[in-house]
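Input: a single structure, listed below in structure tokens.
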Amino acid sequence: MKRAEFWKKIKGRKVQCELCPHYCVIKEGECGKCKVRKNVGWKLYALNYDYPVSTNIDPIEKKPLFHFFPGSKSFSIGMAGCNLRCDHCQNYLISQKGSEEFCMKKFKVIDVVKKAVESGCKSISYTYTEPLVSYEYIIEIMMLAKKKGLKNVIVSNGFINPEPLKKLCEYIDGANIDLKAMSDEFYRKNCGGRLKPVLESLRLLKKNKIWLEVTNLLIPGKNTNEQQIKKLINWVGENLGKNVPLHFSGFFPTYKLSNLEPTSKKILNKSLKIGKEKMKYVYVGNIRDEEGENTICPKCGEIVIDRSGYEIIYNKLKKGECLCGKKISGVWE
């Protein structure tokens, strides 16, 4: 265990966690909603410090990040726990359990960074579940990774308070935030969270000049009507900018929504079309679609990065520019 940050003592030997907008009041011997921050002896501890549940070497495109060192490999690490309860969670077997429910091998901060360097990875991605509830572990990895010349990437639900996120922004290089819907009702009913804190996190990341991409998982009958899609696209364009890559991702039946149908190609293509009317870089994922995977120059219309799944077929960019001279937004070298 590691003494947690962002909490305070309250009466009755309880503690209040201040990491995320839940502000969990935790009795002694119990955990908060994330299941990995525990009141032990009237102090809050991070149970998952040094204990990841998954590590892999992934293409950066899998995060997905399409405008951040394309074709590079990212050492990817995930810990148990999450502060949301999404009915559609694809990693619910690890996100909806606490560290104490796993038999895990210790993986020290220094060893994570060493492994990433030895693997020839450009970056470390904190992913698979919700990395921000493993705050103490990831920030120490980030600090050391920076010293070793590695980039730091978060793949997150964005449900965190501003103060801890500001501190993390000193070390984050890239982020993909899952904006689940432009509906507070959706967040409350389907995720056990709220929309406003996620929007605040997105604005804060943008303000701190973190390279940002946004993903929206399209769940049939839940967040796929045209009005909802347009509302999300408009918010991203107006608040984050038209150059922020937007990924529409296909849903596959899982967890508590195993009774639903997968997202149709028709819905994904409609979202792609609507998105391109407002945004410069729009993609579809979780479905093979050449048009929706490629990066296209907004000036001349040429394909500058041709993708097939997570594989780069070719990359025509020269120092981040199309052959026509147009600068393509991103972090390229």
Top-ranked residue of the range 82-97 - restricted to ones that are buried (at least 19 other Cβ atoms within 10 Å of the Cβ) and modelled with pLDDT under 95, ranked as farthest from Leu19 (Cα to Cα)
Ile94
With respect to the numbered conditions (1) surrounded by fewer than 20 Cβ atoms within 10 Å (Cβ to Cβ); (2) out of contact with any helix residue (DSSP H, G or I) (no Cβ under 8 Å at 6 or more places or on another chain); (3) not assigned by TED's automatic domain parsing to the domain that holds Leu246, which one is the sole condition not fulfilled by Val15?
(1)
Return yes when Glu293 is among the acidic types (Asp, Glu), over 24 Å from Lys207 (Cα atoms) and buried (at least 16 other Cβ atoms within 10 Å of the Cβ) and no when it is not.
yes
Working carefully through the options Gly285, Gly241, find the one that is at positive phi and either hydrophobic (A, V, I, L, M, F, W, C) or within 21 Å of the chain's Cα centre (by Cα) (or both).
Gly241
Here's a check for you: in the range 208-227, which residue that is under 17 Å from the mean Cα position of the chain (by Cα) and part of a loop (DSSP other than H, G, I, E, B) is nearest to His67 (Cα to Cα)?
Ile210
Take the range 303-333 and flag every residue that is in a strand (DSSP E or B), touching a residue at least 24 places away in the same chain (Cβ under 8 Å) and not β-branched (Val, Ile, Thr).
Arg307, Glu311, Asn315
Among residues of the range 228-275, those that are buried (at least 18 other Cβ atoms within 10 Å of the Cβ), among the aromatic types (Phe, Trp, Tyr) and assigned to a loop (DSSP other than H, G, I, E, B), counted:
1
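The values are calculated or read from the model by the stated rules, or taken from the named source; none is laboratory data. Quick caveat, the model's predicted, so the values are computed rather than measured. Glycine gets a Cβ as well: all are built from the backbone with ideal geometry, and neighbour counts include every protein chain shown.
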